[in-house]
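Beneath this line is the structure, given in structure tokens, with notes to follow.
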Ligand SMILES: O=C(O)CCC(=O)C(=O)O
């Protein structure tokens, strides 16, 4: 029986015309020109084992120890399994400080701002690079998902030569809420000129595109596919894999439907050429984030 995959509880059409596997660019990883051609073609680069697995697993441990400290993990299971306790004492701690500690931990910084990932961007972009200081750490419980969006809507006040890296911090098989990319969506000029002009902070509460949360374009993967065409693409991600994509590549996630009640631990982080304008909301020790218009 093929697995029924859902996003926002909507079942994806898994016929070969509507659903497929992300194309791997692993063999191109050292060839900057080939990577750039592939990015122009696909709107994403999926590189298996591009990151140091031990560094990824150290970040996983660091994040999970923090979740465990607020009672979110089932203590009868090994820590790295990330099995949810179904409860949380987060309310008893300073939430802001807790979230900041997740995204600024030493192992998380090592993974995102040094080592393989930084070297990848220096080669791919062919210049001195800078990350956005803010790192998005996501600990997604069963039932959680992300709606369909462009990243530009959230971080579009600097260069368009900004790239997202989505990192499974541990294995993330598709039924644990893997990322989905809509094939060829980076070539949708019309969408870039309409939805792509939205700025989630400037246009707060004025998103006309029907996504319920802030800057989402939609929460219905089947309707969006009907409108724009293309297959929804995903993978069974493993620790060490990385998925790089443009600001105008439409993506969302599958629902986390882990039968083991496993939390999905992932990070998304961004790089750009150091010399190009940066979106100041995501810079510094205490980035403004979405705090202000
Ligand atoms: O991990 C997710 O569910 C969403 C991530 C995302 O939207 C991104 O990496 O830009």
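Each value in this text was obtained by applying a stated rule to the coordinates, not by laboratory testing. All values reported here derive from a predicted model rather than from experimental measurement. Glycine gets a Cβ as well: all are built from the backbone with ideal geometry, and neighbour counts include every protein chain shown.
Could you compute the FRET efficiency for residue 113 and residue 222, with r as their C-beta to C-beta distance and R0 at 41 Å, rounded to 0.05? Approximately 0.65, to the nearest 0.05.
Ranked by how many other Cβ atoms sit within 10 Å of their own Cβ, fewest first, the residues 185, 15, 258, 85 fall in the order 15, 85, 258, 185. Spacing of the modelled spin labels on residue 75 and residue 194, each 7 Å from Cα toward Cβ, amounts to 5.3 nm.
Put simply, when 7-13, 154-160 are sorted by average Cβ atoms within 10 angstrom per residue, most first, you get 154-160, 7-13.
The length gained by stretching the chain between residue 261 and residue 10 to full extension, at 0.36 nm per residue less their Cα-Cα distance, is 88.4 nm. Kindly state, to the nearest 0.05, the FRET efficiency for residue 92 paired with residue 33, given R0 = 51 Å and r defined as their beta-carbon distance. After rounding to 0.05, the efficiency reads 0.45.
Each Cα pair under 8 Å and six or more residues apart adds its separation to the average, and for the range 6-275 the resulting relative contact order is 34 percent.
Between residue 128 and residue 21, the C-beta separation translates, for a Förster distance of 35 Å, into a calculated FRET efficiency of about 0.55.
Note on the chain: helix-only mean residue ellipticity at 222 nm, from DSSP H runs of 4+ residues weighted -39500 (n - 2.57) and normalised by residue number, equals -7000 deg cm²/dmol.
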